[in-house]
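> Can you read through this structure? Questions will come right after.
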Amino acid sequence: MHASMQNAGALIAARYGVNNIDVVAGGSGDAVEVNGAWIDRRGFSSLKVIIPYTATLGAGETLAVAANLQDASDGNGTGAADFGDALTSTAQATGESGGSTETGVVELDFDLSGADRYVRIQFTPNLSRANTDTAALSAHYVLAGATENPVTASAI
């Protein structure tokens, strides 16, 4: 079977990252670093981390996210170290007048050249308004640049 750009789905592989994280401004999960699952990136040279979120924000209040990638020699995190450029804390969503529920996705791209075999995301959600705003976030991995294609089976 030959994979082509017309079937780009066959050229990527998805992996579990982090289950839903509930954040309460000034409380549970706020400004607390979240560790993603370690994944085996063998055979892939590129990674996109997708962090979907839903945030209930007061007017003008924000959800910011900082993130970094780590690599390690095994799936237990042996020799874990930060890898590549980090995303500094950046406002991802701002509450509209009267408050609003905002949804979106933080997308991070990593060139895995030189990375150890196992990688994971770490991210820190930060709500600006104490005790009222809330957010839910998760993370998903998409591996690309495979040395063998197709990497997934076709759904027909």
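Read-outs: derived from the displayed coordinates by stated rules, not from any lab. In this text the structure is predicted, and so the values were computed from the model without any measurement. We place every Cβ from the backbone using ideal geometry, glycine too, and count neighbours over all the protein chains shown.
> Using a 10 Å cut-off around each Cβ, can you sort Glu107, Glu61, Glu148 from fewest to most neighbouring Cβ atoms?
Numbers: Glu107 11, Glu61 21, Glu148 7.
Listing Glu107, Glu61, Glu148 from fewest to most nearby Cβ atoms yields Glu148, Glu107, Glu61.
> Which FRET efficiency value, to the nearest 0.05, do you get for Ala31 and Ser73 by plugging their Cβ-Cβ distance into 1/(1 + (r/R0)^6) with R0 = 35 Å?
0.70
> Based on the Cβ-Cβ distance from Ala66 to Ala14, what FRET efficiency comes out when R0 is 25 Å, to the nearest 0.05?
With R0 = 25 Å, the Cβ-Cβ based efficiency is 0.60.
> On to the next question. Are there trypsin sites (Lys or Arg not before Pro) in the range 1-107 that DSSP marks as loop and that have at most 15 other Cβ atoms within 10 Å, and which are they?
Working: sites: Arg15, Arg41, Arg42, Lys48; in loops: Arg41, Arg42.
Passing both the DSSP loop test and the Cβ count: Arg42.
> So, one more: Quick one: Asp71, Asp85, Asp30, fewest Cβ neighbours within 10 Å first, how do they rank? Mind dumping the intermediate values first?
Working: Asp71 22, Asp85 12, Asp30 19.
Fewest-to-most Cβ neighbours within 10 Å comes out as Asp85, Asp30, Asp71.
> Relative contact order for the range 1-137: what is it in percent, counting Cα pairs under 8 Å that are at least 6 residues apart? Write down the numbers at each step before the final one.
On the way: 325 pairs, mean separation 54.1, N = 137.
This gives 40 percent for the range 1-137.
> Need the full-extension length gain, Ala59 to Ser46, defined as separation in residues times 0.36 nm minus the C-alpha distance. One decimal, nm.
Details: separation 13, 0.36 × 13 = 4.68 nm, distance 3.78 nm.
Here the answer is 0.9 nm.
> Okay, moving on. Rank these for me by crowding, Asp133, Asp22, going from fewest to most other beta carbons within 10 Å. Walk me through the numbers on the way to the answer.
Details: Asp133 23, Asp22 11.
By the 10 Å Cβ count, ascending: Asp22, Asp133.
> Please state, as a whole number in µm²/s, the translational diffusion coefficient that the Stokes-Einstein equation yields for the range 12-144 at 20 °C and 1.002 mPa s, with Rh defined as the Kirkwood radius across alpha carbon pairs. Each step should come with its number before you reach the end.
On the way: Rh = 15.1 Å.
Answer from the Stokes-Einstein relation: 142 µm²/s.
> Let me ask something additional. Add +1 for every Lys or Arg and -1 for every Asp or Glu among the other residues with Cβ under 15 Å from the Cβ of Val24, and state the total. Could you put the intermediate results ahead of the total?
Details: positive: Arg129; negative: Asp22, Asp30, Glu61, Asp133.
Local charge sum for Val24: -3.
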